[in-house]
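The next block holds one structure in the form of structure tokens; read it before the comments.
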Amino acid sequence: MSNTLEELTRILEQRKDADPEQSYVASLHSKGLNKILEKVGEEASEVIIAAKDAQLSGDRSELIAETADLWFHCMVMLSHCGGSAEEVTNILQERFNLSGLAEKAARTESH
């Protein structure tokens with residue numbers, strides 16, 4: 001699974017500076033962070049709707065597709081801000097041995 005994220009990260013970095021007329025990723029970067037954030041918000045809303053629909057219908061196909069779109073746009077956002085999927089997965093790995101409630105409490109205390 002992480003190979004897919006690593007490959008996508010590599011591709012996103014390659015396309016970051018491509019011709020915006022030829023690359024969707026480059027067009028997002030050329031429009032700036034606000035446009036990328038707009039897409040992340042749009043995709044997050046679509047995931048929420050798809051999850052509600054999946055619960056009612058039992059068909060998860062749209063939920064899976066919309067989640068892929070959300071992850072993709074989050075990765076574009078990370079790339080735009082100089083971050084990476086690897087950094088996110090590292091944080092997730094650090095949390096493996098923590099109780100979710102303890103981890104959340106620690107985050108709340110540090111903010």
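The values are calculated or read from the model by the stated rules, or taken from the named source; none is laboratory data. Model, not experiment: these values are computed from the prediction. Every residue, glycine among them, receives a Cβ derived from its backbone with ideal geometry; neighbour counts consider all protein chains shown. Side chains are part of the model used for accessible areas, which takes the heavy atoms of the whole protein and leaves out ligands, DNA and RNA. Shrake-Rupley method; radii C 1.70, N 1.55, O 1.52, S 1.80 Å.
Assuming LEU37 fulfils every condition listed in (1) in contact with a helix residue (DSSP H, G or I) (Cβ under 7 Å, 6 or more places away or on another chain); (2) under 24 Å from SER2 (Cβ atoms) apart from one, which condition is it?
Here LEU37 meets the rest and fails (2).
Pairs, please: C-beta under 9 Å, at least 6 apart or cross-chain, first residue touching a residue at least 12 places away in the same chain (Cβ under 8 Å) and in region 34-55, second β-branched (Val, Ile, Thr) and open to solvent by less than 70 Å² (accessible area, probe 1.4 Å)?
ILE36/VAL76; LYS39/VAL76; VAL40/VAL76; GLU43/THR67; VAL47/THR67; ALA50/THR67; ALA51/THR67
It is to be established whether one or more residues within region 85-96 are small (Gly, Ala, Ser), within 24 Å of LEU28 (Cα to Cα) and at pLDDT 90 or above. Full working, then the answer.
Within region 85-96, the subset small (Gly, Ala, Ser) is 85.
Among the residues that remain, those that are also within 24 Å of LEU28 (Cα to Cα) are: 85.
Next, from what is left, pick out any that are at pLDDT 90 or above: 85.
Checked against the condition, which is being small (Gly, Ala, Ser), within 24 Å of LEU28 (Cα to Cα) and at pLDDT 90 or above, region 85-96 yields at least one hit.
Condition first: in contact with a Pro (Cβ under 9 Å, 6 or more places away or on another chain) and either open to solvent by 30 Å² or more (accessible area, probe 1.4 Å) or modelled with pLDDT under 95 (or both). Now tell me which residues in region 27-69 satisfy that.
Pass one, region 27-69, residues in contact with a Pro (Cβ under 9 Å, 6 or more places away or on another chain): 27-31.
Across region 27-69, the qualifying residues are SER30, LYS31.
Within region 70-100, which residues are open to solvent by less than 60 Å² (accessible area, probe 1.4 Å) and either touching a residue at least 12 places away in the same chain (Cβ under 8 Å) or in contact with a helix residue (DSSP H, G or I) (Cβ under 6 Å, 6 or more places away or on another chain) (or both)?
LEU70, PHE72, HIS73, CYS74, MET75, VAL76, MET77, SER79, SER84, ALA85, THR89
What's the number of the only condition in (1) part of a helix (DSSP H, G or I); (2) at pLDDT below 95 that VAL76 fails to meet?
Of (1) part of a helix (DSSP H, G or I); (2) at pLDDT below 95, only one is false for VAL76: (2).
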